[in-house]
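Worksheet: one structure, shown below.
The values are calculated or read from the model by the stated rules, or taken from the named source; none is laboratory data. Treat the numbers as computed from the prediction; the structure is a model and nothing was measured. Cβ sites come from the backbone with ideal geometry, for glycine too, and all protein chains shown count toward neighbours. Surface areas here come from the heavy atoms of the whole protein model, side chains and all, with no ligands, DNA or RNA. Shrake-Rupley method; radii C 1.70, N 1.55, O 1.52, S 1.80 Å.
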Amino acid sequence: MPELPEVETVRRGLEKLILGKTIQSVDVKYPKMIQTDLDAFRQDLLGQEIRAMGRRGKYLLFHLTDLVLISHLRMEGKYFFYPEEVPLRKHAHVFFHFTDGSTLVYEDVRKFGTMEVLAPELLDSYFLNKKLGPEPTEEDFKEPAFQAALKQSKKPIKSALLDQKLVAGLGNIYVDEVLYRAKVHPARLGQSLTAREVKAIRKETIAVLAQAVEKGGSTIRSYSNAFGEDGTMQEEHQVYGKTGQPCLRCGTPIEKIQLGGRGTHFCPHCQKEN
């Protein structure tokens, strides 16, 4: 959390708030967040104009005049935009001051978020080195490649979908939702899945994430968009956070187990392990 839909929602919000603004100065209160040289990070961003906002998987991309700022929100990262005065906030760690007097502030209660700057021509190799899978769209997320990769996977399907190599952007919430809708038990090994099951997982991955983007993401604990607004996808969840509640399809109580260290929700009747 945030997962792809939340990051995409933040991207869309920032696109409306900060495009065309020029960075006058950068204050970093928690240096460990910066993955590249801190002094270079602050210096290189001076005078850079924000030309476009992008996203790759769960990574937020600030396309600048001749650089790219890569931001990963991790567990609880958030951006807040202030047209004028910036209030004192306990968990505000990075401040981007613009030439028009406005400020973009990055907040992070857990301090797990990261930022780094690189040249645009290095972006493709950056994500290649991360082994980031395709975007969850009909055009990019090809069924034959997905089928072939899972045939080689000895991981539980939930773990395989979480590691970002098969497809980018899924996290704990949406993997549970995808597998429920595809009627696949989260502990099933990737190589044990039938072609029909793999097809269903791919279809539901695309559908669930698209729906979540449309709903502005899921607000479970602290997520909000760039305007400070909550998402509404949590109202559409069918298994995540529904432990003990009846399955919407069959009425069996939803169960929660630990799988790969992650809380995992499923219907034991609709998603049989064997």
Legend entry - Answer from 145, 119 - the residue that is without any contact (Cβ under 8 Å) to a residue 40 or more places away in the chain and among the hydrophobic types (A, V, I, L, M, F, W, C): 145
Legend entry - Index of the failed condition, residue 134 passing every other in (1) more than 20 Å from residue 4 (Cβ to Cβ); (2) modelled with pLDDT of 95 or more: (1)
Legend entry - Pairs where the first residue, in segment 36-47, is of a type in the set (S, T, N, Q) and the second is assigned to a helix (DSSP H, G or I), C-beta under 9 Å, 6+ apart: 36/44
Inset, instruction - Consider only pairs whose beta carbons are under 9 Å apart and that are at least six residues apart or on different chains; among these, list those whose first residue lies in segment 78-100 and is over 19 Å from residue 111 (Cβ atoms) and whose second residue is surrounded by 13 or more Cβ atoms within 10 Å (Cβ to Cβ) and among the charged types (D, E, K, R). - result: 97/27; 98/21; 99/21; 100/21
Inset, instruction - Report, by residue number, each residue of segment 254-272 that is in a strand (DSSP E or B) and either open to solvent by 70 Å² or more (accessible area, probe 1.4 Å) or in contact with a helix residue (DSSP H, G or I) (Cβ under 8 Å, 6 or more places away or on another chain) (or both). - result: 255, 256, 258, 259, 262, 263, 264, 265, 266
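Inspect all residues belonging to segment 195-213 and state whether any of them is among the hydroxyl-bearing types (Ser, Thr, Tyr) and crowded, with 16+ Cβ neighbours inside 10 Å. Before you say what the answer is, go through the steps one by one.
Step one: filter segment 195-213 for residues among the hydroxyl-bearing types (Ser, Thr, Tyr), giving 205.
Narrowing the set further to residues that are crowded, with 16+ Cβ neighbours inside 10 Å leaves 205.
Looking through segment 195-213, at least one residue is among the hydroxyl-bearing types (Ser, Thr, Tyr) and crowded, with 16+ Cβ neighbours inside 10 Å.
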Inset, instruction - Look at residue 184 and say whether it is crowded, with 18+ Cβ neighbours inside 10 Å, at pLDDT 95 or above and in a loop (DSSP other than H, G, I, E, B). - result: yes
Legend entry - Test result for residue 111, assigned to a loop (DSSP other than H, G, I, E, B), open to solvent by 30 Å² or more (accessible area, probe 1.4 Å) and either in contact with a helix residue (DSSP H, G or I) (Cβ under 9 Å, 6 or more places away or on another chain) or touching a residue at least 60 places away in the same chain (Cβ under 8 Å) (or both): yes
Inset, instruction - Read through the list (1) hydrophobic (A, V, I, L, M, F, W, C); (2) open to solvent by less than 10 Å² (accessible area, probe 1.4 Å); (3) under 30 Å from residue 65 (Cβ atoms), then give the number of the only condition that residue 173 fails. - result: (3)
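Sort out for me the strands (runs of 3 or more DSSP E) sitting completely within segment 19-85 that have 1 or more residues that are of a type in the set (Lys, Arg). Walk me through it before giving the result.
Working: elements: 23-28, 52-56, 59-63, 68-72, 77-82.
Once the strands (runs of 3 or more DSSP E) in segment 19-85 are filtered for at least 1 residues that are of a type in the set (Lys, Arg), what remains is 52-56, 77-82.
Return yes when residue 147 is modelled with pLDDT under 95, open to solvent by 20 Å² or more (accessible area, probe 1.4 Å), assigned to a helix (DSSP H, G or I) and more than 30 Å from residue 45 (Cα to Cα) and no when it is not. Steps first, answer last, please.
On the way: modelled with pLDDT under 95: no; open to solvent by 20 Å² or more (accessible area, probe 1.4 Å): yes; assigned to a helix (DSSP H, G or I): yes; more than 30 Å from residue 45 (Cα to Cα): yes.
Judged against the criteria, residue 147 is not a match.
Check whether at least one residue in segment 97-107 is part of a loop (DSSP other than H, G, I, E, B), more than 25 Å from residue 37 (Cα to Cα), open to solvent by 20 Å² or more (accessible area, probe 1.4 Å) and modelled with pLDDT of 95 or more, and report yes or no.
Pass one, segment 97-107, residues part of a loop (DSSP other than H, G, I, E, B): 99-102.
Next, from what is left, pick out any that are more than 25 Å from residue 37 (Cα to Cα): 100-102.
Filter once more, so that each one left must be open to solvent by 20 Å² or more (accessible area, probe 1.4 Å): 100-101.
Subset that is modelled with pLDDT of 95 or more: 100-101.
Yes: one or more hits.
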